[in-house]
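Here the structure is laid out as structure tokens; the discussion comes afterwards.
Rule-based calculations on the coordinates, nothing more; no lab input. If you're wondering where the values come from, they're calculated on a predicted model, not measured in any experiment. Using ideal geometry, Cβ is built from the backbone for each residue, glycine included, and neighbour counts are taken over all protein chains shown.
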Amino acid sequence: MEGVQIVIVLAFLVEAIYTNLRMIWDSNKFNWNNLGALIVAVLVAVVAGVDIFPALGINMIVPYVGSVLTGILVSRGANVIFDVLKKINEMLSGKVTTETTEEIADTTTEAVEATEEAK
């Protein structure tokens, strides 16, 4: 993967990870369910040695950081992971368009809104 692609993929992953973390504190309330899912997902990812970053050509210097960040992504569930991998695949295959970046933003926004509506 080239430098520009790495930056684009990292920016997308950082946004997805931050969105997941932001859902722990939602509407000025602490969400214990989201925290529980996050802790379990991070523990499983670290213990299993699951790390999405090397598969994308991004090697972390600090051990376990990739597994922790992967766990944060996984904590949202299979649908979100599928969407994330689909968008990354589009980015890597050169299919990144304005529509793709808007879809990424829409996916993130829809996930947050769905969580807020579930309350």
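Data table
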quantity: Per-pair calculated FRET efficiency, R0 = 30 Å: E2 and S27 via Cβ, rounded to 0.05; calculated: 0.15
quantity: Extension gain from L92 to V46, taking 0.36 nm per residue of separation minus the Cα-Cα distance; calculated: 14.0 nm
quantity: Proxy reagent accessibility, fewest Cβ within 10 Å first, across E2, E90, E15; calculated: E2, E15, E90
quantity: Fewest-first sequence of M60, M91 by Cβ atoms within 10 Å of each Cβ; calculated: M60, M91
